[in-house]
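No lab work stands behind these numbers, since they all come straight from the coordinates. Quick caveat, the model's predicted, so the values are computed rather than measured. FYI the Cβ positions are ideal-geometry reconstructions off the backbone, even for glycines, and counts take in every protein chain you see.
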Ligand code: SF4
Ligand code: SF4
């Protein structure tokens, strides 16, 4: 079982923060191979492009360099990483032995199809056992909708929801508590409830989003998940010319495309829904970050802490095996990750151009500590003036502690999360 590091009080982290940096994160896209049909993603199986995969030797070199750089979190992403299951297991083991404390990966759940066929339980049991032997800390399973038929049709994976339900207790028995990974989209709560073409009514849109998030959280709890995260709606606007996605996890599909005014209401609804479920499921999404992003879309962009992408966080793509500031700044290759010296990257750089939660959420939370290091008077003044942000931050810090910092190798401690039942009553009465 992995040991939980306190992301703030760990002495190594404190030393990093005192140097004006945050604990590093490296996302390795092992492959862009995929077998799903998600409309929100250009890596879907129907897209005709030559697929790539990173070699084991290259990934080992990246991991060794990451360990040397003091990187704390390495994520293996795709495509669908479990199409290369042997490579994935080997890399998870390798990263753990190299001393990376937080290793993560995820799946679209294709392995959990055909759950009524004989041998399903033993097949999933063997997989869970193998994963449990690695240092894996978090496994996420993608979920797009509270309506199984909608989710399965979006993914092109019939029967997968029932299979995930059957697989979850098997994972729990083997010491792995997977998280549901919601990619926020217009089908989150089922079929879209606002007819297209109608005049935008922010309150009605907010109410729709609230219903959708409530339905989604209730659904994943009922499925047996004990942890959940939300990926904020991502679509790169090619016309803006500002961003060019390194990899294909973007799409112009209307299912994930929201206007600025809609984004405000999506974030507002998420901000208000999270407290209702915090006692029932470990919700990773920090309200501090959701609030900051809501404000950014309301035109208060400087209220958000700048992203650490390209400073402390990096992304390596499967096609060229190069490092980038993130998955969305494709014009800024750093070359090979092992040649990159993160100490020499420009720590003053400021980017707030997308809502990639992998980078924006930790940047927002840890950015507050960096702000205190840079200018304690200004940082304290801002917190004193901004009651809503201050309350969200204080609550997130307490909640993260109660959730054991989202250790996916431990069950939830509902007793520790119980105070959020009361907080919720207070919040809504
Ligand atoms: S979102 Fe994930 S599962 Fe869906 S097509 Fe893209 S890589 Fe595949
Ligand atoms: S905000 Fe972060 S993840 Fe988004 S484009 Fe900028 S560096 Fe990349």
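With both partners inside the chain, how many of the DSSP beta bridges are antiparallel, as a percent to the nearest 5?
On the way: 4 of 34 bridges.
Within the chain, antiparallel bridges account for around 10 percent of the total.
So for 257, 295, fewest C-beta neighbours within 10 Å to most, what's the order? Please list the in-between numbers first.
Numbers: 257 16, 295 19.
Lowest to highest Cβ neighbour count: 257, 295.
Want the number for residue 382 to residue 97: 0.36 nm per residue separation, take away the alpha-carbon distance, what's left?
On the way: separation 285, 0.36 × 285 = 102.60 nm, distance 4.20 nm.
Residue separation times 0.36 nm, minus the Cα-Cα distance, leaves 98.4 nm.
Once R0 is set to 41 Å, what does the formula 1/(1 + (r/R0)^6) return for the Cβ-Cβ distance between residue 333 and residue 114, expressed as a FRET efficiency to the nearest 0.05? Walk me through the numbers on the way to the answer.
Working: r = 41 Å, r/R0 = 1.00.
That gives a FRET efficiency of 0.50.
Kindly put 179, 42, 55 in sequence by how many other C-beta atoms sit within 10 Å of each C-beta, fewest to most.
Numbers: 179 24, 42 19, 55 10.
Sorted ascending by nearby Cβ count, the order is 55, 42, 179.
In nm, give the distance between the simple-model label positions of residue 391 and residue 122, each being 7 Å from the Cα along the Cα-to-Cβ direction.
Rounded to a tenth, the inter-label distance reads 5.6 nm.
Classify the range 280-424 as rounded, prolate or oblate, taking a ≥ b ≥ c as the square roots of the eigenvalues of its Cα gyration tensor: rounded when a/c is under 1.5, otherwise prolate if a/b is larger than b/c and oblate if not. Each step should come with its number before you reach the end.
Details: a/c = 2.16, a/b = 1.41, b/c = 1.53.
Note, shape of the range 280-424 comes out oblate.
Mind jotting down the distance between the C-alpha centroids of the range 260-285 and the range 105-163, whole Å?
The two parts, judged by their Cα centres, are 25 Å apart.
How large is the translational diffusion coefficient of the range 1-135 in µm² per second when you combine the Kirkwood radius over alpha carbon pairs with Stokes-Einstein at 4 °C and 1.567 mPa s? Mind dumping the intermediate values first?
Working: Rh = 16.6 Å.
Using the Kirkwood radius from Cα pairs, D works out to 78 µm²/s.
I'd like the FRET efficiency for residue 60 and residue 343, computed as 1/(1 + (r/R0)^6) with the beta carbon distance as r and R0 of 22 Å, rounded to 0.05. Present the calculation step by step, with values, prior to reporting the outcome.
On the way: r = 22 Å, r/R0 = 1.01.
The pair residue 60/residue 343 has a calculated efficiency of 0.50.
What 222 nm value per residue comes from the helices of the chain, counting each DSSP H run with n ≥ 4 as -39,500 (n - 2.57) and dividing by all residues, nearest 500 deg cm²/dmol?
Values: 14 runs with 179 residues, N = 429.
That calculation yields -13000 deg cm²/dmol at 222 nm.
Taking a ≥ b ≥ c as the square roots of the Cα gyration tensor eigenvalues, with a/c under 1.5 meaning rounded and otherwise prolate when a/b beats b/c, else oblate, which class fits the range 92-199? Walk me through the intermediate numbers first.
Values: a/c = 3.34, a/b = 1.63, b/c = 2.05.
Oblate, since a/c reaches 1.5 and b/c is not below a/b.
In whole Å, what is the distance between the alpha-carbon centres of the range 295-322 and the range 46-73?
The distance from the Cα centre of the range 295-322 to that of the range 46-73 comes to 19 Å.
For the range 124-187, what class follows from the C-alpha gyration tensor (a ≥ b ≥ c being the square roots of its eigenvalues): rounded when a/c is under 1.5, otherwise prolate if a/b is larger than b/c, else oblate?
Values: a/c = 2.84, a/b = 1.90, b/c = 1.50.
Because a/c hits 1.5 or more and a/b exceeds b/c, the range 124-187 counts as prolate.
By what distance, in whole Å, do the Cα atoms of the range 280-340 stretch along each of the three principal axes, largest value first?
Over the range 280-340, Cα extents along the principal axes are 39, 33, 18 Å.
Divide the volume of the convex hull of the Cα atoms of the chain by its number of residues and quote the answer in cubic angstrom per residue.
Working: hull volume 59.9 nm³, N = 429.
Spread over its residues, the Cα hull of the chain gives 140 Å³ apiece.
Among 297, 324, which comes first, second and so on when ranked by fewest other beta-carbon atoms within 10 Å?
Numbers: 297 21, 324 24.
With the fewest neighbours first, 297, 324 line up as 297, 324.
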